[in-house]
1. How many of the residues making up segment 407-420 are within 20 Å of the chain's Cα centre (by Cα) and either surrounded by fewer than 22 Cβ atoms within 10 Å (Cβ to Cβ) or outside the structural domain of MET451 (by TED's automatic domain parsing) (or both)?
2. Which one of GLU170, GLU225 is charged (D, E, K, R), in contact (Cβ under 8 Å) with a residue 40 or more places away in the chain and assigned by TED's automatic domain parsing to the domain that holds THR442?
3. Mind listing just one residue for me: the one in segment 373-395 that is among the hydrophobic types (A, V, I, L, M, F, W, C) and in a helix (DSSP H, G or I) and, of those, nearest to PHE358 (Cα to Cα)?
4. Quick check on this structure: which one of VAL334, VAL325 is outside the structural domain of SER203 (by TED's automatic domain parsing), surrounded by fewer than 16 Cβ atoms within 10 Å (Cβ to Cβ), of a type in the set (Val, Ile, Thr) and within 18 Å of ASP272 (Cα to Cα)?
5. What is the number of the single condition among (1) under 25 Å from PHE441 (Cα atoms); (2) polar (S, T, N, Q); (3) at pLDDT below 95; (4) not assigned by TED's automatic domain parsing to the domain that holds TRP476 that GLN395 does not meet?
6. Would you check if there is a residue in segment 287-295 being in contact with a Cys (Cβ under 7 Å, 6 or more places away or on another chain), among the hydrophobic types (A, V, I, L, M, F, W, C) and assigned to a loop (DSSP other than H, G, I, E, B)?
7. Can you list residue pairs whose Cβ atoms sit under 8 Å apart, with the first residue in segment 417-428 being under 14 Å from PRO217 (Cβ atoms) and the second being outside any loop (DSSP other than H, G, I, E, B) and polar (S, T, N, Q)? Count only pairs 6 or more apart in sequence or on different chains.
8. With the condition kept exactly as written, say whether any residue in segment 100-111 is crowded, with 22+ Cβ neighbours inside 10 Å, over 25 Å from SER461 (Cβ atoms) and modelled with pLDDT under 95.
Amino acid sequence: MMRIVLALACAMVCAHALSEPVNHVDQMNKMLRASAAAAGRKLRDLPEQWFTEQKVDHFDPTNQDTFSTLYFVNDEHYKQGGPVFLYFNGEGPLQGGAVTGGYMVDLAETHGALIVSQETRYYGQSIPTPDLTVPNMRFHTIQQALADGAYFQAWFQKNVMETKYGASNETIWGIIGGSYSGALSAWYRQKYPHLVDFSWASSGVVNPVWEFDEYCPVIEHDMKEVPGCFSALVSIQSQLETMISTANGAAELQKMFKTCESAEYILANPEDFFFTVNGPWQGAGQYGYQDAFCADILNTTTGTPLQNLANNINSGLNADSPCNVLDWVSLNAVTTKPVPAGSDRSWFWQKCTEFGFFKTTKGSAIFGDISIDYFKSACAKAFDGQLPFPPESNQWVIDYFGGDKPQGEQIVFVDGTNDPWHPCSLQPRNTTANPERPALFTFEGSHCLDMMSPSPNDNESLRSNRQLIAKYVGNWLQEAQANAYPQPWEQNQAQG
């Protein structure tokens, strides 16, 4: 069975699996840069640019506060009169590599497009408030992030496209994103259809699930594709559960996994330990590098599978991070700015107030037992019991945007069978019945794989879906061009 893996991306992304939760934006930045290198594209260092007039609150006209957001521009392939691709970066720091690699750049070259990406509010350097205390998180919502895009787009069109590039005010825009930003991309087209003419939503998680019990079974399926890997992980999990039940076993785990916390902490907080060690194979299955991960785990020359897992996790340690943090909730409770390394407070806020996406593990053979109550407790602890919304408050997102049956058009959704997030995307999957809202499903496709540049390792399903993405985007750009520059009234009359 052909494995869809970008070899160079794996070399960059899969060298080790850190004990921190998988950060999608960090992974995407690495994979997009690797994709550019694999496609023979020169990796360009883009200058940081700043939009200094972003509104803190788009929905309160009495609030005139503004803040600065980072953005990058890739104009390498821009041709006069070409479109602009606005790339939503998502839940992490923005890097220039986000707009210089991947299939988005291939499409930009085809259509003479400029690519621009603005850092999402509350991530990286684009935080609108003095700190991340609960009262100051009130501006951290989906609607505010979408409105950021609209406000930035209007400013960029007038002050950059028209002033610097001499573009007309009829510039055509498209919106692109993957994972959370894939959902933002679809919602942006849905809520601001007058601003963008198409959306490409890769692995777009438009259907929030509070108790996400469908995630782990897909990862298990991914691990079963590598001979011997799943049974090794079952054995690892059995050993861990035995060891973590005794003081001596917990002491051995503390030493083996080089945890910052004591053996007593591990014994008292087994969920924190399992949350950490579950991370490596979650990342491997999600991003399609289970071959490399499993080869590492099954390497008998370096140790037993359990020892190899510990080595894999510990390989991410260095002088600045000498031990593996288990108490991730306390780390996410830090409210200072800049955000400390390893903290995921901004994304955890969105999970606790808007999405859920809590990966419960009931019945899994390779994941330690983590229940929804564990995550509810984590939400309360991280935000001092001050959350503005009750638990399971993601229903409003489904009601507001339509969940897995959104009504926006000229949106192409792309998911993959090996992506554990596909249950949160458009339903039904793999249908082109509505050519204005097609849902493509890639066989053996991992998370956002369609966003990478074509590779000789791609299977027929992935090649076909990329061709369809190009077809839809091309058709929608052509329609937008025709609508932006209609024939003169006199000519229409003569033709009529």
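The values are calculated or read from the model by the stated rules, or taken from the named source; none is laboratory data. Values in this document were obtained by computation on a predicted structure and should not be read as measured data. Glycine also receives a Cβ, built like all others from the backbone with ideal geometry; neighbour counts cover every protein chain displayed.
1. Residues flagged as within 20 Å of the chain's Cα centre (by Cα) and either surrounded by fewer than 22 Cβ atoms within 10 Å (Cβ to Cβ) or outside the structural domain of MET451 (by TED's automatic domain parsing) (or both) within segment 407-420 amount to 1.
2. Only one candidate passes the filter, namely GLU170.
3. PHE375
4. The conditions single out VAL334.
5. (1)
6. No; the residues of segment 287-295 include none that is in contact with a Cys (Cβ under 7 Å, 6 or more places away or on another chain), among the hydrophobic types (A, V, I, L, M, F, W, C) and assigned to a loop (DSSP other than H, G, I, E, B).
7. Hits for this filter: THR417/THR442; ASP419/GLN286; PRO420/GLN282; PRO420/GLN286; TRP421/GLN286.
8. yes
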